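Peer 1: To start, I am sharing the structure in question, which I have written as structure tokens.
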Amino acid sequence: MQDKIVFLQKKIPLAVLQALTPEAIEATPKDQIEDGCIILRSFPFKIGRESRVVKVDGRLERAERPKKGDTEPNNNLYLVDNGHRLNISREHFLIDRRRDHFVLVDRGSACGTKIDGKNVGGEDTGGSHRIADGDVISIGAAGTPYVFKFITFDEFDVVKKTE
């Protein structure tokens, strides 16, 4: 029975980030979004970006940073910030699961993160805030197009109920 529980724990989402804007969907690599949602199965789940905006022939274009060999990735998810003003830091925030709740930790981002309009972090200061089912997370400066809804499945925790 224990091997079945371990298998289910690897497959069943504990939470998702539902993209609420077209820009949020476009910023997410296609192999990491399903039905407009980023699936969270393990924690901490770290989010940041791996691209920059640079001027090429007078136009702003996205430039990817090459990954370095066998180094451990800084994030579980690398969003692509296509904006003229960068909203997403390389190591922007993480979502962690505590015993009875979830928490969002801003990892010292420049533009900060908002949870239902409340600032968390920004100006490289970091910060944390408890998050719950239905909270809206905005990544970056005011007016950012990178907006997601946090959805949990705790009430459907089949694995917990079988233990």
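Read-outs throughout are calculated quantities, based only on the coordinates presented, and are distinct from any laboratory measurement. Since we're looking at a predicted model, the values are computed, not measured. Backbone-built Cβ (ideal geometry, glycine too); neighbour counts: all protein chains shown.
Peer 1: Expected output is a single nm value to one decimal: the length gained when fully extending between Phe43 and Met1, i.e. 0.36 nm times separation in residues minus the C-alpha distance. What is it?
Peer 2: Stretched fully, the Phe43-Met1 segment lengthens by 12.8 nm.
Peer 1: How large is ³J(HN,Hα) for each residue in region 95-108, as worked out from phi by the Karplus curve 6.51 cos²θ - 1.76 cosθ + 1.60 (θ = phi - 60°), to whole Hz, x for Gly and Pro?
Peer 2: Each residue of region 95-108 in turn: 10, 10, 10, 9, 3, 10, 7, 10, 9, 9, 10, 6, 8, x Hz.
Peer 1: Among the trypsin sites (Lys or Arg not before Pro) within region 76-106, which fall in a DSSP loop and have no more than 14 other Cβ atoms within 10 Å of their own Cβ?
Peer 2: Filter output for region 76-106: Arg85, Arg98, Arg99.
Peer 1: Turning to a different aspect of this structure: Return the FRET efficiency for the residue pair Thr125, Asp35: r is the Cβ-Cβ distance, R0 is 30 Å, and the value is rounded to the nearest 0.05.
Peer 2: Working: r = 35 Å, r/R0 = 1.16.
Efficiency at R0 = 30 Å is approximately 0.30.
Peer 1: Now for a different question. Out of residues 5 or more away from Val80 or on other chains, whose amide H comes under 5 Å of its own, with H placed 1.01 Å from N in the peptide plane?
Peer 2: For Val80, whose amide H was placed from the backbone, the distant partners under 5 Å are Thr28.
Peer 1: Using 1/(1 + (r/R0)^6) with R0 = 25 angstrom and r between the beta carbons of Val103 and Ala142, what's the FRET efficiency to the nearest 0.05?
Peer 2: Working: r = 23 Å, r/R0 = 0.92.
According to the calculation, E is roughly 0.60.
Peer 1: Give me the one-decimal nm value for the distance between modelled label points at Lys11 and Val56, 7 Å along each residue's Cα-to-Cβ direction.
Peer 2: 4.2
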